[in-house]
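This report concerns only the one structure given below.
The values are calculated or read from the model by the stated rules, or taken from the named source; none is laboratory data. Model, not experiment: these values are computed from the prediction. Cβ atoms come from the backbone with ideal geometry, glycine included; neighbour counts cover every protein chain shown. Quick note on the areas: whole protein, heavy atoms, side chains included, nothing else; ligands and nucleic acids left out. Shrake-Rupley method; radii C 1.70, N 1.55, O 1.52, S 1.80 Å.
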Amino acid sequence: MGRVRSWMLVVMVMVMVMAVRAERNINRSGGVYWSTAEEEALAQTQTKARDDDTAVADLDADGGFSSLEGMLQWAIGHSDPVQLKETARDVEKLSPTDLSNRQVEIKQLMDELKTPSDAQLMQVAINDLSNSSLSLEDRHRALEELLILVEPIDNANDLNKLGGLVVVIRELDHSDADTRKMAAWVLGKASQNNPIVQKQVLELGALSKLMKMVKSDFAEEATKALYAVSALIRNNVAGQELFYEEAGHLLLQNIMSESIIDIRLRRKAVFLLGDLAECQLENKEKDELPFFSSRIFLKSVVDLTSSADLDLQEKALVALKNLLQLKTTEALVFKDFCGLDGALERLRQQLQDLMVEEEHRDYVMDVERLRSEVHQIFYRKLEKVTRQVPT
């Protein structure tokens, strides 16, 4: 019985050898190995997509085949039937010693075919980043790989276990702006809607570094840094408190007030403000922060409605909608100091003109509905004040 089983295993490995060789002859550009930075000259990390769903189904979550049976099925399906019969006859004639030697080949081939898991790929990238002599090109490549790998929440949760968060945060201090940008992007991607990673990154002190990067003259770095800041503190009260301690509200105010700042950064700033105001509305038991009712701060938001960028105008309206619903914001400040009534009317006229263009009509109508909602909330708030004024 043992000899029969050994014979079957050897047939399998021989079949697999033929199948793998055939696959490699068809597609020499493909590969199953992950290349570290040191191995980049020898192999590429990309694998060509295949239409064979059976092969994909046989692979388990950690890479490789889920069972010997699955491996055998895959091998048979990728082998020539005539060669398969000839190989079986040849193997049947092998001596016990030869069978034992071929069994060693089975393990070697299985190791060769085993694809690395996401955790292993992440570890390779982390190890590369830990190499101080790594070239900039390879450093960027490692960060790009992590950016893709941390998107699934389970992978993001593994990043700190593998020592990756410390390594990536260290890259925020790199002398190369593109490296800092990529590192911020990875942190933002891993932290997005993930309280576990948010807490870990905040505890490692990355928020203050990212907020300093938001002030960078390099627009790409500043934009990705603000993206990371937003991802870190979204729906995270502890993160928001740290943000306010670092004068985050002034950071947002400065970005919104300066028309020469990159439009992408201004969009992210007012979007984050709208999110913070919404969080304040949802936590009514907490005292409203003073900056929400600051006249200069509110005016910087209202002024964004006069922008030529429709996306920025929409995000400003969302922020205003939330700010108007706060208890401490004053309707008369919005009216007399910020000129909100006039700003909303000018925006209405602008949107009306844009509706002529059929290409963007649906989007423009959505913005107009939002503008109308803000207008109604504003005037309801204003009416409450005017009723209290003695005649």
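S259: out of contact with any strand residue (DSSP E or B) (no Cβ under 8 Å at 6 or more places or on another chain), at pLDDT 95 or above and not in a helix (DSSP H, G or I), yes or no? So S259 fails the test. No other residue among G188, G205 is among the small types (G, A, S), open to solvent by less than 50 Å² (accessible area, probe 1.4 Å) and free of Cβ contacts under 8 Å to residues at least 40 places away in the same chain apart from G205. Could you grab me the full set of residues in region 302-328 that are closer than 19 Å to L251 by Cα, open to solvent by less than 40 Å² (accessible area, probe 1.4 Å) and in contact with a Gly (Cβ under 9 Å, 6 or more places away or on another chain)? Answer for region 302-328, where residues must be closer than 19 Å to L251 by Cα, open to solvent by less than 40 Å² (accessible area, probe 1.4 Å) and in contact with a Gly (Cβ under 9 Å, 6 or more places away or on another chain): V302, A316, A319, L320, L323.
Inside region 191-200, residues that are buried (at least 23 other Cβ atoms within 10 Å of the Cβ) and over 15 Å from the mean Cα position of the chain (by Cα) make up a count of 0. Across region 341-369, the qualifying residues are those that are in contact with a Lys or Arg (Cβ under 7 Å, 6 or more places away or on another chain) and aliphatic (A, V, I, L, M), and the one among them that is most open to solvent (accessible area, probe 1.4 Å) is M355. Scanning region 266-299 for residues that are among the aliphatic types (A, V, I, L, M), in a helix (DSSP H, G or I) and surrounded by fewer than 19 Cβ atoms within 10 Å (Cβ to Cβ) yields a count of 2. With in a helix (DSSP H, G or I) and open to solvent by 70 Å² or more (accessible area, probe 1.4 Å) as the only criterion, which of N254, N235 stands out? Result: N254 is the single residue among N254, N235 that is in a helix (DSSP H, G or I) and open to solvent by 70 Å² or more (accessible area, probe 1.4 Å).
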